[in-house]
1. Checking SER149 against (1) of a type in the set (Ser, Thr, Tyr); (2) under 20 Å from ARG62 (Cα atoms); (3) touching a residue at least 60 places away in the same chain (Cβ under 8 Å), which single condition isn't satisfied?
2. Contact list please: Cβ distance under 8 Å, first residue in the range 255-267 and open to solvent by less than 70 Å² (accessible area, probe 1.4 Å), second residue among the basic types (Lys, Arg), pairs at least six apart or on different chains.
3. State all residues of the range 203-230 that are loosely packed, with under 15 Cβ neighbours inside 10 Å and either of a type in the set (A, V, I, L, M) or in contact with a Phe, Trp or Tyr (Cβ under 9 Å, 6 or more places away or on another chain) (or both); if no residue qualifies, say none.
4. With the condition kept exactly as written, say whether any residue in the range 90-112 is open to solvent by less than 50 Å² (accessible area, probe 1.4 Å), touching a strand residue (DSSP E or B) at 6+ places or on another chain (Cβ under 6 Å) and part of a helix (DSSP H, G or I).
5. Starting from residues that are in a strand (DSSP E or B), touching a residue at least 60 places away in the same chain (Cβ under 8 Å) and aliphatic (A, V, I, L, M), keep the ones in the range 47-71 and report whichever is farthest from THR209 (Cα to Cα).
6. Can you name the condition, by its number, that ALA50 falls short on among (1) on the phi < 0 side of the Ramachandran plot; (2) touching a helix residue (DSSP H, G or I) at 6+ places or on another chain (Cβ under 9 Å)?
7. Scan the range 158-196 for residues that are closer than 15 Å to ILE129 by Cβ and among the hydroxyl-bearing types (Ser, Thr, Tyr) and report the count.
8. Just give me the residues in the range 29-71 being touching a Leu at 6+ places or on another chain (Cβ under 7 Å) and β-branched (Val, Ile, Thr), in sequence order.
Amino acid sequence: MTEPAAAHPTRLERVRTDAGAEIAILTFAHGALNLFDQAMFDAVQADVAALAEDPPRAVLLRAEGKVVSAGVDVHVFDGLTAEQGADLWQELFAEICHPLEALPCPVVYSAHGLTLTAAFEIALACDIILAAPKAKFGLVETVVGLTPSMGGPQRLAERAGSGRARELVMTGDLYDAATLRDWGVVNAVHEDVDAEARALVARLADGPTRAHDATKQIISAWRSGGVAHADSITPDVSGALFETDDLEGAVRSFLDVGPGKATYRGR
């Protein structure tokens, strides 16, 4: 007997913009709290694998319900040995955070409400975070004697500075969207964040996808090795764009009819 769709923790849809660009929308839909239990982790891993295998031209992560996520189901941690704990984090890096960051297209995260622990750490692995005014964020793992271990502290430090990251993690407090926008963690705050996120994703999907991927590669190089490393890979990464249909077409469009008229196919 087929499992009802509502019983699945996530929903991965592919839609197209008016210009024909493919967008993937990954929705957390796991009950009122969207708790990250084993089923939720398994579903997100499968969805990220599907995106990596067949990347769209932009991705939106969002959630249904009153909250984005109330965090991780603590049963996931119960009774783990040190080795099992290390294996868990290694798996979540390898199967969620790293492949999400490596997608060759823009990834936008929309937070309309409470966004805790794993959901917040996944947001920090995305390119752009949008939030509603009432959204609140927290890495509250200290409540069970743990530190966030899906990359949250280091990615938070990258966006907000190490002092802010230590404060947020060590206090376990909740922070509103406006504060995190001021810190540089949230990119923008919108009343109708879902509509704004969908519009942004459509705009990015219609853009020069190969150039967006190059941008991500250059920034990734900076993250791992600083400015000198980013400089060292930029000539090859950017140079390859000159053989893409999108750059050739956009240059010709600019010369023939002026800026802002080019269309892109992601090739």
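1. For SER149, the failing item is (2).
2. These pairs meet every condition: GLY266/ARG57; GLY266/ARG210.
3. Selection gives ILE219, VAL227, ALA228.
4. no
5. Checked the range 47-71; the qualifying residue farthest from THR209 (Cα to Cα) is LEU61.
6. Tallying (1) on the phi < 0 side of the Ramachandran plot; (2) touching a helix residue (DSSP H, G or I) at 6+ places or on another chain (Cβ under 9 Å), ALA50 fails exactly one: (2).
7. 2
8. VAL48, VAL59, VAL67, VAL68 - these are the residues of the range 29-71 that are touching a Leu at 6+ places or on another chain (Cβ under 7 Å) and β-branched (Val, Ile, Thr).
The values are calculated or read from the model by the stated rules, or taken from the named source; none is laboratory data. From a predicted model like this one, the values you see are computed outputs, not experimental measurements. Glycine also receives a Cβ, built like all others from the backbone with ideal geometry; neighbour counts cover every protein chain displayed. Heads up: the accessible areas ignore ligands, DNA and RNA and are worked out on the full protein's heavy atoms, side chains in. Shrake-Rupley method; radii C 1.70, N 1.55, O 1.52, S 1.80 Å.
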